[in-house]
Amino acid sequence: GLSFRSTKGCWATNLSQQCLRGSSRLFVPPSPPVNPEEVKEFQHFISLSKKLLVMTGAGISTESGIPDYRSEKVGLYARTARRPIQHSDFVRSAPIRQRYWARNFVGWPQFSSHRPNPAHWALSTWESLGKLHWLVTQNVDALHTKAGSQRLTELHGCMHRVLCLDCGAQTPREALQERFRVLNPKWGAEAQGLAPDGDVFLSDEQVQSFQVPPCLRCGGPLKPDVVFFGDTVDAAKVDFVHKRVKEADAVLVVGSSLQVYSGYRFILTAWDKKIPIAILNIGPTRSDHLACLKLNSRCGELLPLIDPPEQGSSLQSCC
Ligand SMILES: [Zn+2]
């Protein structure tokens, strides 16, 4: 079975591929049963919209078995003392990059194997029916792409790509995994618990023998093509999303507590433009007071119940 125990600021689990398959519910916070009245209101909100913008966060992926950071009791911050890597630490220190990549190498097979859940599939279906104006995700797990979403901005990048810090070359993460394997043929370590960014915990001794290859083009240091904490989202990308938000006639937040400003600012823009906001998230968010509708249900349970917005209906204020 799967068991968690705290170990002096770190945490360890007995994870095996076998028990991981049944672990999806482990990282989903408890929520009340879906309320039919709320479903009706939510359906109304979605039906009224002809240009719906959806913003998703870690909460949509917990049902795929990826823990989030901030959920009460089940999020990484609540369960453990682990905190995500800071951008400045990664850039300035080769030993920190070595530790990061060693842990990421171990976590990768599991992290990259996660599958979309019914919430991802529902949003992808809405898009294929022409009912979704744009999708913005704060997640780096590629689950929207795996579900087929294309009108998509990955606000914080994607773990499935690697970026050279010197020349900017982009390469697939899977290719780097192969280079890791070749460089570290005898290196073995067990994954001991996965974080939202694919991080795992390893001992110092394990880390120090791990060989990290440089950029094939220029020899520079490699970084996942994601925005680490303490870094900022590319200004052109922020601009682009602001434009999509302003074009929208309704904004739906799915599985985000909106604690991180990079996502929160778009909700402020929507509020400023008087665009109705609905929030689907288990637990309070930073924008509950700005939303005309707040639902505390599981994303994968509620979204598939909704018929995508009907064309031809006109948006009235629901707030
Ligand atoms: Zn390079």
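The values are calculated or read from the model by the stated rules, or taken from the named source; none is laboratory data. For clarity, every value in this text was computed on a predicted model and none was experimentally measured. Cβ coordinates were reconstructed from backbone atoms using ideal geometry, including for glycine residues, and neighbour counts include every protein chain displayed.
Go through segment 253-265 and report how many residues are out of contact with any Leu (no Cβ under 8 Å at 6 or more places or on another chain) and either modelled with pLDDT of 95 or more or crowded, with 17+ Cβ neighbours inside 10 Å (or both). Let's see the steps before the verdict.
Initially, segment 253-265 is screened for residues out of contact with any Leu (no Cβ under 8 Å at 6 or more places or on another chain), giving 256-261, 265.
Then drop every residue that is not either modelled with pLDDT of 95 or more or crowded, with 17+ Cβ neighbours inside 10 Å (or both), which leaves 256-258, 260, 265.
Matching residues across segment 253-265 total 5.
Entry remark, segment 25-63: residues being buried (at least 18 other Cβ atoms within 10 Å of the Cβ) and modelled with pLDDT under 90 number 3 in total.
Every condition in (1) within 23 Å of residue 210 (Cβ to Cβ); (2) at pLDDT 65 or above; (3) in a loop (DSSP other than H, G, I, E, B); (4) hydrophobic (A, V, I, L, M, F, W, C) is met by residue 91 except one, and the failing one is (3).
For every residue, the table says whether it meets (1) surrounded by fewer than 20 Cβ atoms within 10 Å (Cβ to Cβ); (2) in a strand (DSSP E or B); (3) touching a residue at least 60 places away in the same chain (Cβ under 8 Å).
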{"position": "210", "(1), (2), (3)": "yes, no, yes"}
{"position": "217", "(1), (2), (3)": "yes, no, no"}
{"position": "224", "(1), (2), (3)": "no, yes, yes"}
{"position": "231", "(1), (2), (3)": "yes, no, yes"}
{"position": "241", "(1), (2), (3)": "no, no, yes"}
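Residues considered: 207, 227, 200, 136. Of these, the only one that is modelled with pLDDT under 95, more than 16 Å from the ligand (Cβ to nearest atom) and closer than 19 Å to residue 260 by Cα is 227.
Taking residues in segment 20-36 that are under 19 Å from residue 305 (Cβ atoms), and partners anywhere that are surrounded by 15 or more Cβ atoms within 10 Å (Cβ to Cβ) and modelled with pLDDT under 80, the pairs with Cβ atoms closer than 9 Å and at least 6 places apart or on different chains are 28/71; 28/74.
Among the residues of segment 269-287, is any under 20 Å from the mean Cα position of the chain (by Cα) and in a helix (DSSP H, G or I)? No - not one qualifying residue is present in segment 269-287. Test residue 248 against the stated conditions and say whether it is in contact with a helix residue (DSSP H, G or I) (Cβ under 6 Å, 6 or more places away or on another chain) and surrounded by 14 or more Cβ atoms within 10 Å (Cβ to Cβ). In short, no.
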